[in-house]
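*Asks:* Below: one structure in structure tokens.
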Amino acid sequence: MNEILHTTHPDSVLIIDFGSQVTQLIARRVREAGVYCEIVPFQLADEGFERLNPKAVIFSGGPASVPEPGSPRAPQSVFSSGVPILAICYGQQTLCQQLGGHVESGHHREFGRADVEILKSSPLFEGVWEVGKRYPVWMSHGDRVTQLPDGFEVIGTSPNAPFAIAVNEAKRYYTTMFHPEVVHTPDGAKLLSNFVHEIAGLKPDWSMAAYRKEMVQKIRDQVGSGRVICALSGGVDSSVAALLIHEAIGDQLTCILVDHGLMRLNEAHDVVAMFREHYNLSLKLVDASDRFISELEGEADPETKRKIIGRLFIEVFEGEAEKIGGADFLAQGTLYPDVIESVSFSGGPSVTIKSHHNVGGLPERMNMQLVEPLRELFKDEVRALGRELGLPDSFIGRHPFPGPGLAIRCPGGISREKLEILRQADAIYLDEIRKAGLYDTIWQAFAVLLPVQTVGVMGDGRTYEFVCALRAVTSVDGMTADFYPYDMDFLGRTATRIINEIKGINRVVYDVTSKPPGTIEWE
């Protein structure tokens with residue numbers, strides 16, 4: 001059985017995803033306004049609408065062109081429900097087309113900053129924007145609405161988007177050609193807050209205290225008298241999940257830390273020491289490093305690595321469940337970004353991003369259900385829940401480290417020697433970050449051992465050794481990331497230590513890649 005644990009929220013918002021790269025930011029803004037929301041791809045919007053029974057719906061932007069045959073559409077059930085709708089960019093276009101308006105291609109494209117002039121007052125920007133003034137917004141469109149449906153009027157315009165804001169106040173339909181969810185629209189978060197509070201009438205009662213109370217009861221209801229084994233990695237996600245489940249069911253929970261040989265230096269020892277010293281959890285350490293590395297050795301394909309690791313995790317947990325007399329549930333720290341990225345709206349490559357998680361369920365042979373109490377939370381919300389549960393800030397602020405560990409920080413074929421070189425380099429890098437007082441400023445940092453070797457001169461001799469790449473990113477929710485701007489003194493000091501102290505590396509580079517919504521892991 002692979003039943004998924006869901007919470008129910010009487011006041012919620014459904015976000016229909018038409019494929020925009022910034023759909024997740026809509027969800028972040030709505031939750032920041034204290035209202036629960038979920039994202040569903042447009043193909044599953046009917047099902048999501050029925051399950052969630054939302055009090056309001058938001059249509060996201062998207063890359064498709066409404067006039068093209070087969071382009072995405074919103075389900076009729078949303079329009080028939082009478083709930084208020086906010087439609088953004090592509091969402092505006094498909095809403096207007098579906099309700100009798102007209103959308104055309106070939107008009108002047110608009111990507112970037114624009115100024116919207118407010119023509120008439122509206123609850124959407126009450127207390128934010130004034131009639132007759134202009135305000136900066138962020139546009140990203142090639143098509144545009146050329147005829148509005150009956151009952152709509154223009155209340156905001158820009159030079160290249162004559163219908164920049166068009167509304168039907170009677171039906172509570174609000175549409176914008178610009179993106180209020182991005183920071184480049186300075187007042188966008190306030191507009192979204194007005195939509196959920198003033199227009200939809202939802203209360204700002206989404207909090208981690210309320211989530212904790214509700215989820216504890218949900219876990220008890222799901223588990224009953226059954227036994228749960230929890231995949232504890234020592235990271236923030238699995239640790240918060242373990243503490244929440246332990247609060248709900250006590251000694252029905254057994255936590256298992258699998259040392260797969262892909263962890264950071266001394267990670268397994270430190271995690272076990274911390275949990276056994278500070279928390280009254282049943283925790284078992286399983287050394288499966290030889291098993292994992294033997295199967296991974298020589299494997300270069302990143303997706304194959306993930307699948308091997310995921311399969312071996314399941315096999316280890318099956319064996320451990322038998323040793324304790326069987327288990328009915330497997331708990332893990334799956335987050336909402338894992339879920340979002342695993343149900344790509346297009347069925348494209350993003351569906352493999354979280355393939356090492358069992359987001360879609362477990363193998364039927366396990367005869368277990370998944371318990372995933374963080375499945376509806378973003379990373380920053382998990383940290384807030386951790387504080388609610390009493391975890392110290394020093395632990396909550398730990399950098400995330402993926403389940404596949406060093407396996408995906410070692411592109412190309414894996415070997416024990418390369419893993420050990422990488423482990424030592426990674427430890428030096430993090431040590432220098434802490435010494436510089438930067439650890440809490442950076443969201444995630446790690447070293448990567450590149451699958452190339454270069455000739456170098458060290459002293460009076462030549463070397464032929466690996467190149468080590470360093471990465472550090474800033475982020476809030478784990479969906480977007482930007483590189484951290486180190487000064488050259490720090491990079492020089494860190495690179496010198498790595499090259500001098502680790503035999504096997506003769507060059508260090510810094511990765512300055514930024515990431516849009518999606519994975520921020522190195523593959």
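The values are calculated or read from the model by the stated rules, or taken from the named source; none is laboratory data. Quick caveat, the model's predicted, so the values are computed rather than measured. Cβ atoms come from the backbone with ideal geometry, glycine included; neighbour counts cover every protein chain shown. These area figures cover heavy atoms from the full protein model, side chains too; ligands, DNA and RNA do not enter into them. Shrake-Rupley method; radii C 1.70, N 1.55, O 1.52, S 1.80 Å.
*Asks:* Anything in the stretch 217-244 that is open to solvent by 10 Å² or more (accessible area, probe 1.4 Å), part of a helix (DSSP H, G or I), out of contact with any Phe, Trp or Tyr (no Cβ under 8 Å at 6 or more places or on another chain) and over 18 Å from Asp270 (Cα atoms)? List them, or say none.
*Replies:* Across the stretch 217-244, the qualifying residues are Gln217, Lys218, Arg220, Asp221.
*Asks:* From the list Ala189, Ala248, Ala268, which one is in contact with a strand residue (DSSP E or B) (Cβ under 8 Å, 6 or more places away or on another chain) and either within 17 Å of Ala321 (Cβ to Cβ) or buried (at least 17 other Cβ atoms within 10 Å of the Cβ) (or both)?
*Replies:* Testing whether each residue is in contact with a strand residue (DSSP E or B) (Cβ under 8 Å, 6 or more places away or on another chain) and either within 17 Å of Ala321 (Cβ to Cβ) or buried (at least 17 other Cβ atoms within 10 Å of the Cβ) (or both) leaves just Ala268.
*Asks:* Select, from Val167, Val182, Val145, the only residue that is open to solvent by 10 Å² or more (accessible area, probe 1.4 Å) and among the β-branched types (Val, Ile, Thr).
*Replies:* One residue alone meets the criteria, Val182.
*Asks:* Still on this structure, please answer the following. Consider Glu198 carefully, then state whether it is of a type outside the set (A, V, I, L, M), at pLDDT 95 or above and either open to solvent by 50 Å² or more (accessible area, probe 1.4 Å) or not in a helix (DSSP H, G or I) (or both).
*Replies:* yes
*Asks:* Only one of (1) hydroxyl-bearing (Ser, Thr, Tyr); (2) touching a Ser or Thr at 6+ places or on another chain (Cβ under 8 Å); (3) open to solvent by less than 10 Å² (accessible area, probe 1.4 Å) is not met by Thr254, so which one is it?
*Replies:* Against the list (1) hydroxyl-bearing (Ser, Thr, Tyr); (2) touching a Ser or Thr at 6+ places or on another chain (Cβ under 8 Å); (3) open to solvent by less than 10 Å² (accessible area, probe 1.4 Å), Thr254 comes up short only on (3).
*Asks:* Quick check: anything in the stretch 245-252 assigned to a strand (DSSP E or B), more than 25 Å from the chain's Cα centre (by Cα) and among the hydrophobic types (A, V, I, L, M, F, W, C)?
*Replies:* no
*Asks:* Output the residue which, of all residues in the stretch 275-295 that are surrounded by 15 or more Cβ atoms within 10 Å (Cβ to Cβ) and either part of a helix (DSSP H, G or I) or within 27 Å of the chain's Cα centre (by Cα) (or both), is modelled with the lowest pLDDT.
*Replies:* Phe275
*Asks:* Considering every residue within the stretch 438-451, establish whether at least one is modelled with pLDDT of 95 or more, open to solvent by 20 Å² or more (accessible area, probe 1.4 Å), under 13 Å from His399 (Cα atoms) and part of a helix (DSSP H, G or I).
*Replies:* The answer is no; no qualifying residue exists.
*Asks:* Given the structure, is Ala189 out of contact with any Phe, Trp or Tyr (no Cβ under 9 Å at 6 or more places or on another chain) and closer than 17 Å to Arg375 by Cα? Walk me through it before giving the result.
*Replies:* Details: out of contact with any Phe, Trp or Tyr (no Cβ under 9 Å at 6 or more places or on another chain): yes; closer than 17 Å to Arg375 by Cα: no.
Criteria not met by Ala189.
*Asks:* Here's another thing I want to ask about it. How many of the residues making up the stretch 51-106 are more than 17 Å from Val145 (Cβ to Cβ), outside any loop (DSSP other than H, G, I, E, B) and touching a strand residue (DSSP E or B) at 6+ places or on another chain (Cβ under 6 Å)?
*Replies:* Residues meeting the conditions: 5.
*Asks:* While we're looking at this one, here's another question. Mind listing just one residue for me: the one in the stretch 468-518 that is closer than 23 Å to Lys418 by Cβ, assigned to a loop (DSSP other than H, G, I, E, B) and open to solvent by less than 30 Å² (accessible area, probe 1.4 Å) and, of those, modelled with the lowest pLDDT?
*Replies:* Taking the candidates together, the pick is Asp511.
*Asks:* Assess whether Gln76 counts as being more than 22 Å from Val13 (Cβ to Cβ), open to solvent by 10 Å² or more (accessible area, probe 1.4 Å) and either touching a residue at least 40 places away in the same chain (Cβ under 8 Å) or of a type outside the set (A, V, I, L, M) (or both).
*Replies:* When the stated conditions are applied, Gln76 does not pass them.
*Asks:* Among the residues of the stretch 311-323, are any surrounded by fewer than 15 Cβ atoms within 10 Å (Cβ to Cβ) and of a type in the set (A, V, I, L, M)?
*Replies:* no
*Asks:* Of the conditions (1) of a type in the set (D, E, K, R); (2) assigned to a helix (DSSP H, G or I); (3) surrounded by fewer than 19 Cβ atoms within 10 Å (Cβ to Cβ); (4) modelled with pLDDT of 85 or more, Arg383 satisfies every one except a single condition; which number is it?
*Replies:* Condition not satisfied by Arg383: (3).
*Asks:* Quick check: anything in the stretch 319-338 in contact (Cβ under 8 Å) with a residue 60 or more places away in the chain and closer than 16 Å to Ala407 by Cβ?
*Replies:* no
*Asks:* Now for a separate question. Give the number of residues within the stretch 452-467 that are in a strand (DSSP E or B), surrounded by fewer than 17 Cβ atoms within 10 Å (Cβ to Cβ) and more than 32 Å from the chain's Cα centre (by Cα).
*Replies:* Count: 9.
*Asks:* Sticking with this one: Mind checking which residues of the stretch 148-157 are open to solvent by 50 Å² or more (accessible area, probe 1.4 Å), outside any strand (DSSP E or B) and in contact (Cβ under 8 Å) with a residue 24 or more places away in the chain?
*Replies:* Asp150 - this is the single residue of the stretch 148-157 that is open to solvent by 50 Å² or more (accessible area, probe 1.4 Å), outside any strand (DSSP E or B) and in contact (Cβ under 8 Å) with a residue 24 or more places away in the chain.
*Asks:* If you check every pair at least six apart or on different chains, which have Cβ atoms under 7 Å apart with a residue in the stretch 119-136 that is farther than 21 Å from Pro159 by Cβ first and a residue that is open to solvent by 30 Å² or more (accessible area, probe 1.4 Å) second?
*Replies:* Ser121/Val131; Pro123/Glu198; Glu126/Glu198; Val128/Asp187; Val128/Lys190
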